[in-house]
Amino acid sequence: MKLIPRLKQSSIQQKFQWVAKPDKYMDSAVKQAPDMFIADIAGEDGYVFVNHPEAMRQIVTSDRHKFFASSKNNDLLRPLVGDNSLILIEGDRHKQRRKLLLPPFHGERMQTYSKLICDLTHNIISQLEPNQPFIARQVTQEISLQVILEAVYGLQDNQRSAELKQRIAKLANIFESTLTSAFLFFPWLQQDLGAWSPWGNFVRQQKAIDEAIYQELATRRTQDNSQRQDILSLMMSAKDEAGEGLKDIELRDELMTLMLAGHETTATAIAWALYWVHRHPEIKTKLEAEIASLGADPAPMEIAKLPYLDAVCKETLRIYPVAMLTFPRVVQEPTELMDYKLETGQVLMGCIYLLHQREDVYPEPLKFKPERFLEREFDPYEFFPFGGGKRRCIGEALAKLEMKLVVATIIAQYDLELIDSKPEVPVRRGVTLAPKTGVRMMFKGKR
Ligand code: HEM
């Protein structure tokens, strides 16, 4: 059995590079060690970054006595989502919470939101000024935030919804630069030095959001919510085997988790998709023809079934996966993984970014080629944007549906152009990989 290779850079160099330029860090690491390596970026022992499909399969499908889907190494998200978030609980408690949260996220339930997604896209895009520049990611964030607020929180477009939307966007935007993202990675930076300091601003935004959430929970507890379909109402009425419901603090943490995990990632994915489609006119033409083939005013669920649109969205999630890593899995007993020796306590991270860049799985990996998804079926451990196993993304169905419907609605009905001729590059945004400029575009108008 072999030892997992370590990288030649010092731990401090690795940590700074991982925070400042995560893609460059991983690109250079994989040249030193192709399938897995120890990333000395946290704790004494670092993390094992794994990008081989077979290793990925073993990690997420083995039972919990071998690789445990622990929450301990997700600590950096604690300030954002709280101690009771699905992301920060583990074992039986995690299993039960998933059971409670999953049904509302089921693919069929998501169809309820398809018209909402198309309508919101129209409303938001049509507010842009013709022949004026805009940042695609800001617009897609507005759409995805509104979708999540209505689907999860059940807020209509009223005053309270507008205020909460603004605050959540502000909170998420605190981490938009690499510098402010560093606050998540270096806890000693988490000092409240007043409202103008990044962490002070974060603490104040968080407090205002908490007040709004607790106020909403108190109001709902005085109402009959039996007819409501939003995920919060379902969570409020759900009971475990002992007949216990979720406490307010648990509801608050779960809401923050779903709102942040649900809108940040999807907004970035849609902004990337708009970039790639406009960067390649031949792909845009093909996509337009496919959408037009459905005739005027197609049903949203027909749009969601289009194969080329599906391939474009998959290729977008492949080339720069929004989530670079899976959540950690912790080794429970001395074992081996593809002939590499693993010790109890080692922390494994599925490296989605490097998996999706593998030349042996995706020839010419740096090229945006949706056709690869029509020519070949990839197995679930080769194409892994939503992770897998016990911590597989619960918002996958919503994210995929939203991506397709927003992209199709925009492409079919509005004229946009990229402003920059230079290629867009990926940069860290919190724990995700986002386009550096946010994708600067010109809104030409409605078709
Ligand atoms: C393009 C959009 C999205 C991407 C790329 C994405 C990706 C991921 C990934 C890679 C994981 C970790 C899986 C693992 O460790 O195996 C994850 C977990 C999670 N995602 Fe997503 N996600 C997206 C959208 C969403 C949405 C829309 C929601 C909710 C509305 C959501 C909620 C969550 C939650 C709660 C978890 C934690 C699951 C657990 O710990 O059991 N995500 N996501």
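Bear in mind these aren't lab numbers, they're just calculated from the coordinates by the rules spelled out. Treat the numbers as computed from the prediction; the structure is a model and nothing was measured. Here Cβ is always computed from backbone atoms with ideal geometry, including for glycine, and neighbour counts include all displayed protein chains.
I need the peptides 264-272, 336-344, 385-393 ranked by packing, meaning the mean over residues of other C-beta atoms within 10 angstrom, with the highest value on top.
Ranking, from highest mean packing down: 264-272, 385-393, 336-344.
For the chain, list log₁₀ I(q)/I(0) at each q in 0.10, 0.11, 0.12 Å⁻¹, using the Debye formula over Cα point scatterers of equal strength and ignoring solvent, two decimals each.
Treating every Cα as an identical point scatterer, log10 I(q)/I(0) equals -0.73, -0.90, -1.09.
Which value at 222 nm does the chain reach when only helices count, each DSSP H run of 4 or more adding -39,500 (n - 2.57), with the total divided by all residues and rounded to the nearest 500 deg cm²/dmol?
-15000 deg cm²/dmol
Report, in debye and to the nearest 20, how large the dipole of the stretch 231-340 comes out about its Cα centre when Lys and Arg carry +1 and Asp and Glu carry -1 on their Cβ. Could you put the intermediate results ahead of the total?
Values: 10 positive and 18 negative charges, 102 e Å.
The dipole of the stretch 231-340 has a size of about 500 debye.
Kindly count the pairs of lysines across the stretch 281-348 whose alpha carbons are less than 16 Å apart, treating pairs on different chains or eight or more residues apart as eligible.
Values: Lys284/Lys314; Lys286/Lys305; Lys286/Lys314; Lys305/Lys314.
Lysine pairs meeting both conditions in the stretch 281-348 amount to 4.
Pairs of lysines 8 or more apart, or on different chains, with alpha carbons under 23 Å: count those in the stretch 4-128, would you?
Within the stretch 4-128, the lysine pair count is 11.
If one computes the Cα centroid of the stretch 20-53 and of the stretch 87-128, what distance in Å separates the two points?
A separation of 32 Å, based on Cα centres.
Mind listing which trypsin sites (Lys or Arg not before Pro) in the stretch 1-98 are in a DSSP loop and have 13 or fewer other Cβ atoms within 10 Å? Let's see the in-between values first.
Working: sites: Lys2, Arg6, Lys8, Lys15, Lys24, Lys31, Arg57, Arg64, Lys66, Lys72, Arg93, Lys95, Arg97, Arg98; in loops: Lys8, Arg64, Lys66.
Here the sparse-neighbourhood loop sites are Lys8.
With +1 assigned to the C-beta of every Lys and Arg and -1 to the C-beta of every Asp and Glu, and no other charges, what is the dipole magnitude of the stretch 88-143 about the Cα centre in debye, to the nearest 20?
420 debye
Order by neighbour count: Val277, Val30, fewest other Cβ atoms within 10 Å first, most last.
Val30, Val277
So for each of 240-247, 159-166, 296-303 I average, over its residues, the number of other beta carbons within 10 Å; can you give me the resulting order with the highest mean first?
Put in order of decreasing packing, that is 159-166, 296-303, 240-247.
Using DSSP to call loops (not H, G, I, E or B), can you name the GluC sites (Glu not before Pro) in the stretch 20-104 whose Cβ has at most 11 other Cβ atoms within 10 angstrom?
Glu44
What number do you get for the stretch 1-121 when its Cα radius of gyration is normalised by 2.2 N^0.38 Å, N = residues?
Values: Rg = 18.8 Å, N = 121, 2.2 N^0.38 = 13.6 Å.
Working it through for the stretch 1-121, the quotient is 1.38.
Quick one: net charge around Trp18, please, counting Lys, Arg +1 and Asp, Glu -1 for every other residue with C-beta under 14 Å from its C-beta.
+1
Of the GluC sites (Glu not before Pro) in the stretch 356-447, which ones lie in a loop per DSSP and count no more than 11 other C-beta atoms within 10 Å?
Taking the stretch 356-447 and a limit of 11 other Cβ atoms within 10 Å, the loop GluC sites (Glu not before Pro) found are Glu359, Glu377.
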